[in-house]
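Remarks on the structure that follows.
Each reported figure results from applying straightforward, stated rules to the coordinates on display, with no laboratory input. Here the structure is a predicted model, which is why all the values come from computation and not from measurement. No Cβ is skipped: glycine too gets one built from the backbone with ideal geometry, and neighbour counts run over all protein chains shown.
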RNA sequence: GCGGGCGUGGUGGAACGGUAGACACGCUGGAUUUAGGUUCCAGUGGCGCAAGCCAUGGGGGUUCGAGUCCCUCCGCCCGCACCA
């Protein structure tokens, strides 16, 4: 092989007068096919024991029909990591799949009469082709869609396993019900109290739903956040807030009216049991049983409860709403004060979902209670005395005192500080059986029931006699019926003529299938595990998941900071508890990318315009004038904001790749700014990236004819060749460091600098040893750029090594030679009193004494010293000399 | 309201407490080209003829030295929110 290359290189070949442009349209598919042919990105389900595994995963896409720039950014970032880690000697798994269940497919069915399955799989085919054009180093053999029976059937098995393990519950809960669409809506789907699709007023309805017991893992999910050291703090904080641990007490209050239905007690949760003696009322949520009891005997109470319910769940509404209440007439006894009782109110600010749905009101030390008390003329008794206040004279206005202080007016708690009083009062409550110290969590169990067709059927059969019965495992999968009717509102599974009618697996009598399907967040909660053995008969196979999990680097949008990431963490624990996995955390490293934004444009009539409908010219003052293409209609240039279909400020990745190639798109998206920030997509930026790909190709292809064969010796002596080699090896070090730190924009800048250095060295092509140095530089350039622009890297490498079999995609990462990282001389900044006055060039290893002498000899330094004696000399080797006078 | 983050040229952004503005976009001038969304060269933070001075949202502090650390104010962004 060596002879062959030498022979070719020896052939005289005149440099062409004009260099051919890099033909990305031909090169990109060719290299993609070559990677594919050599299965460069395939890994075994069970890696060899001595291999260093690395699992790179980007959040899989919903198959909406087309990829968007957010996908391009996401998958480019992941591909850089995958290609880099592969070159660093890791066995890299980098799979792709589809989060394929969900509402849009059903909407397509209703609006256009296309079956959700066909719509989804057609979209997948489109989007797969688009992703393949990006040249991603994906292992397509692992691909699956969550709507494949082969996937959701295994999910049903997990559901049954979770059920057996006590992690599934069926319970009644309040839901957002869209009466027109006949389905439950997620909170995010309720907009100003109305269904986002139907526009119907959303009702609060109590429904029997399936729940996954995520709250059982609340403590673990919170504590384990500390160990996720490669997660952004922001995400950990958001999860921590969402889980919402708070310490306090549950206190039972005895109702003084024995005629009230139920136990004759109300239980409240409080984080301030120390203020129990400052109580002036008790308040319950409108959905609380006690409110119902009041409503049943008092029409005004009933009216107030109905009003609260109508108010809906919209946050905006809640924020605006003033604190309102209704006195039920019931009273509760104080736990420690004999004969003292307080009124029970229904209050619109008490949430049934949090704590016990009931609170005790202490206006003195809770601002919200204060407002309520002032409005309804309730007592305000301070029980925490701020430091330095006189207990005899201390009073409160309209602002509650919430800080620490000394307890007073509080019987056995008097004189204690707040933490001590909390401990003491809990002790007393527990002793007298009136309450307990508890930890309360904001996290709720995860309701997964959706009244939808296009989702994973919940594998349950309802029998009159036996209740909810699991579908026997041998009857799995429960397959979605194909013949469904979308002409009626509601869940097609529910009004399917035959599907739901089955025999009870336990008693054999006629029974009914569960027609609810799983929330699609369930589907995305374990796909990363399925990728390890996508064809397995079980949900996962232990050797595969044990070897590959956790995901080493997960990459996706910040919008999933809570739900998807929290659900996946829960699932991983639940799968461990049911023997499917041995890890507890799914994602060891998480990177959250910023959004892709674009200017928005509006025509004269206020309609939104796509960027390609707009053209620009320069005004006399240099500002841009925008008009509609092909007309002189003025266009208003709007804000730069996240690309969205509604504002039409989108750019189609397919069009960009067609015009400039995938490498250009990838290069631009990486170069613009740090990947965790929002980036602006600009036409000029893409054009600049395109020019750089051409420049890189020119540098390499223009040099080929004049280069010595691979392996030619390097010149030893100092000179231009050594200088170029130093640039090469410094770039290796710098790019490596940048890639390690996700500073892809910096990696791009270093490669730009290096290309500039190679371009400058062209002028000295005749210097001794320059040929070998240039070959090394150009090959290194290609290999360092390869994670970002993989096709061009192959093309350049192949041009430099005609006939060589090696692919950059299979080559190890370049190593920087420490010898070449050393400099012969250093430039030191010379400061006087911290201000830069001169720079001096000194040989490496120069004595400090001599450096100070050189520094002080500088004319500018002398002037700055102004004849004053130097009091202190500071030398930071390789950086700076600072003279203090 | 609570929590978090961020303010650097015309723009995106670089910068282990050590020469602020790397690199790129844009712009200006020049050259080459039949042409240019081509290529090449030079310039490009502000003020100043220059020496030089001033500059990282404002003010203060720590330090020999601060874009970087601390305090404070201002502005913007994000998350959560009648959470008891």
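Geometric descriptor of region A:72-215, per residue, is 181 Å³ (volume of the convex hull of the Cα atoms).
P(r) tail for region A:372-495, what percent of Cα pairs lie past 27 Å? List each step's numbers first, then the result.
Working: 4306 of 7626 pairs.
Within region A:372-495, distances greater than 27 Å cover 56 percent of Cα pairs.
Going 7 Å from the Cα of residue A:507 along its beta-carbon direction, which residues of region A:148-172 have the amide nitrogen within less than 20 Å of the resulting point? Counting only backbone N, you get A:170. Projected label points at residue A:694 and residue A:475, each 7 Å from Cα along the beta carbon direction, are separated by 6.7 nanometres. Peptides A:811-818, A:281-288 ranked from most to least packed, by the mean per-residue count of other Cβ atoms within 10 Å: A:281-288, A:811-818. Using the Cβ-Cβ distance between residue A:25 and residue A:628 with R0 = 35 Å, the FRET efficiency computed as 1/(1 + (r/R0)^6) comes to roughly 0.70.
Distance from a point 7 Å along Cα→Cβ of residue A:815 to each backbone N in region A:724-746: keep the residues under 20 Å and list them by number. Residues A:725-740 fall inside that zone.
Counting beta carbons within 10 Å around each of A:204, A:871 and listing the fewest first gives the order A:871, A:204. Here the gap between residue A:115 and residue A:353, fully extended at 0.36 nm per residue and compared with their Cα-Cα distance, gives a gain of 81.9 nm. Roughly what % of DSSP beta bridges within chain A run antiparallel, to the nearest 5? Of the beta bridges lying entirely in chain A, close to 80 percent run antiparallel.
Put the Cα centre of region A:347-396 next to the Cα centre of region A:770-833 and the gap is 69 Å.
The fraction of Cα-Cα pairs per 5 angstrom bin, counted from 0 for region A:485-589, comes to 2, 11, 16, 16, 12, 11, 13, 11, 7, 2, 0 percent, rounded to whole percents. Using only Cα positions of chain A, each an equal point scatterer, no hydration layer, compute I(q)/I(0) via Debye at q = 0.06, 0.07, 0.11 Å⁻¹ and quote the log10 values to two decimals. The calculated log intensity ratios at q = 0.06, 0.07, 0.11 Å⁻¹ are -0.61, -0.79, -1.31. Sorting the segments A:788-800, A:500-512, A:666-678 by their mean number of nearby beta carbons within 10 angstrom, highest to lowest, gives A:788-800, A:666-678, A:500-512.
Per DSSP H run of n ≥ 4, the term is -39500 (n - 2.57); total these for chain A, divide by its residue number, and report the mean residue ellipticity at 222 nm rounded to 500 deg cm²/dmol.
Working: 27 runs with 310 residues, N = 885.
About -10500 deg cm²/dmol.
With a simple spin-label model that places each label point 7 Å from the Cα along the Cα-to-Cβ direction, the separation between residue A:296 and residue A:714 comes to 8.9 nm.
Between the beta carbons of residue A:836 and residue A:756, assuming R0 = 30 Å, the FRET efficiency works out to 0.75 to the nearest 0.05. Here the peptides A:387-400, A:92-105, A:841-854 are ranked by packing, the mean other Cβ count within 10 Å, and the order with the highest first is A:92-105, A:841-854, A:387-400.
As a calculated quantity, the FRET efficiency between residue A:390 and residue A:247 at R0 = 22 Å, using C-beta atoms, amounts to about 0.10. Label-to-label distance for residue A:208 and residue A:562 is 3.0 nm, based on points extended 7 Å past Cα in the beta-carbon direction. Shown for region A:577-733 is the translational diffusion coefficient from the Stokes-Einstein equation, using the Kirkwood radius over Cα pairs, a temperature of 10 °C and a viscosity of 1.306 mPa s: 78 µm²/s. Take every Cα pair under 8 Å whose residues are at least 6 apart in sequence, average their separation, divide by the length of region A:762-885, and the relative contact order is 18 percent.
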